[in-house]
1. Would you confirm, using the coordinates I've provided, whether T294 is more than 17 Å from T198 (Cα to Cα) and open to solvent by 60 Å² or more (accessible area, probe 1.4 Å)?
2. What is the residue count in region 182-214 for residues that are of a type outside the set (S, T, N, Q), within 28 Å of the chain's Cα centre (by Cα) and surrounded by fewer than 21 Cβ atoms within 10 Å (Cβ to Cβ)?
3. Can you tell me which residue is farthest from the chain's Cα centre (by Cα) among those in region 59-100 that are hydrophobic (A, V, I, L, M, F, W, C) and at positive phi?
4. Which of the residues spanning region 154-205 are of a type in the set (V, I, T) and more than 26 Å from G43 (Cβ to Cβ)?
5. Testing P265 on (1) closer than 20 Å to I17 by Cα; (2) touching a Leu at 6+ places or on another chain (Cβ under 6 Å), one condition comes back false. Which one is that?
6. Among all residue pairs at least 6 apart or on different chains, which show Cβ distances below 7 Å where the first residue, located in region 216-228, is farther than 19 Å from A60 by Cα and the second is of a type in the set (V, I, T)?
7. Among the numbered conditions (1) farther than 25 Å from T311 by Cα; (2) open to solvent by 40 Å² or more (accessible area, probe 1.4 Å); (3) out of contact with any helix residue (DSSP H, G or I) (no Cβ under 6 Å at 6 or more places or on another chain); (4) in a loop (DSSP other than H, G, I, E, B), tell me where P280 comes up short.
8. Evaluate the following for P179: is it surrounded by fewer than 16 Cβ atoms within 10 Å (Cβ to Cβ), in contact (Cβ under 8 Å) with a residue 40 or more places away in the chain and either under 30 Å from A146 (Cα atoms) or touching a Ser or Thr at 6+ places or on another chain (Cβ under 7 Å) (or both)?
Amino acid sequence: MARWARGRGMAASWYGIARTATIDRAGAWVEIDDGGSAKVVTGVTEIGEGILTVLAQVAAEEIGIKPEDVVIGDNDTARSPEAAHAGATRQTYMIGNAVALACRDARLKLDKEIADHWGAGADQIRAFDGEIWAEGTNNRMPMEEAIEICKKRGVVPVGSASFTAHGTGLDPVDGSGAPWQAYVFGCQVAEVEVDRLTGEVQVLGMWAVHDVGRAINPRGVEGQIEGGIVQGLGQALMEDYQLERGHTKTHGFAKYILPTALDVPQINTRLVEDRDPCSPLGAKGIGEPALVPTAPAIMNAIYDAIGVRITALPATPEAILTALEEKERAEAEVAGQS
């Protein structure tokens, strides 16, 4: 029997986004400002997920300016609308939609004044990349000039909005209910190589396909999927937090092992943009869902490689060797009985 065995495994997942079994909500204020820039104020918290970049992109597209001309204001919740926590894969879904709606509210005021200035209909006004024009006419000007005209007419183009996601609790008898408004789906495939002598598992490659709704920032979405897979790899093979009588036995990273760059395989990502019908943007989320199928896919790949089912995480070399020994013992017993 060869020392090294290769296998592939697949796992699929679904995940509900935004707060569970309750009403989730977020608000935002937007002003289209002098110079053709925009200010966005919301209580959003940036914890490394890239939400500020996403909000700048959303505001830029909705208003018709460049992302670099969008300023995301102070997120002090004593001075900004409620946005709630950074969690539940809700930032893009909740706050992104609130910002989009607030931008549309501000644009309605701007479009009305510019349309009147040109003698056109408000539904003819279009804007993109810092310019505004009336469709079907030769009327066109920079956004900063349009703002100046609007303010000289006594109107400051300010918008506000909130976005709400509805969920219900589950019936205690039959389990019926709708705990989330939106769901995302994904599938991952893992290829592994298992050393039968040492029990070491090497992940050679990961393939991930995820439904993210409309991808506002595709590269950012891919980065989140890759980050989730790396976390899932650690969960599957390395991270072993141990308690004894309520006290940790894993005091530091000498014993609580995390993946390093040397452990990360080639990750191949594809995005499925099935737009959410309940969302003005059509976007969903990917922060937490990317992690869900990784460990099951790796466990299935280990089973495909060596024929043992690991049912407790992490699948350390010791756990692999123990499982192989139990398998050999069981096979020997069967052979002896026959």
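1. Working: more than 17 Å from T198 (Cα to Cα): yes; open to solvent by 60 Å² or more (accessible area, probe 1.4 Å): no.
So T294 fails the test.
2. 10
3. Initial filter on region 59-100 (hydrophobic (A, V, I, L, M, F, W, C)): 59-60, 63, 65, 70-72, 78, 83-84, 86, 88, 94-95, 98-100.
From the residues that got through so far, the ones that are at positive phi too are 84, 88.
Working: A84: 16, A88: 9 Å.
Filtering first and then ranking leaves A84.
4. Within region 154-205, the subset of a type in the set (V, I, T) is 155-156, 158, 164, 168, 173, 184, 189, 192, 194, 198, 201, 203.
Result: V155, V173, V189, V192, V194, T198, V201, V203.
5. (1)
6. E222/T269; Q224/I286; I225/T269; I225/I286; E226/I267; E226/T269; G228/T294
7. Exception for P280: condition (3).
8. Numbers: surrounded by fewer than 16 Cβ atoms within 10 Å (Cβ to Cβ): yes; in contact (Cβ under 8 Å) with a residue 40 or more places away in the chain: yes; either under 30 Å from A146 (Cα atoms) or touching a Ser or Thr at 6+ places or on another chain (Cβ under 7 Å) (or both): yes.
Considered against the rule, which asks whether it is surrounded by fewer than 16 Cβ atoms within 10 Å (Cβ to Cβ), in contact (Cβ under 8 Å) with a residue 40 or more places away in the chain and either under 30 Å from A146 (Cα atoms) or touching a Ser or Thr at 6+ places or on another chain (Cβ under 7 Å) (or both), P179 comes out as yes.
The values are calculated or read from the model by the stated rules, or taken from the named source; none is laboratory data. Bear in mind the structure is a predicted one, so any value in this text is a computation, not a measurement. Using ideal geometry, Cβ is built from the backbone for each residue, glycine included, and neighbour counts are taken over all protein chains shown. The area values use the complete protein model at the heavy-atom level, side chains included, leaving out ligands, DNA and RNA. Shrake-Rupley method; radii C 1.70, N 1.55, O 1.52, S 1.80 Å.
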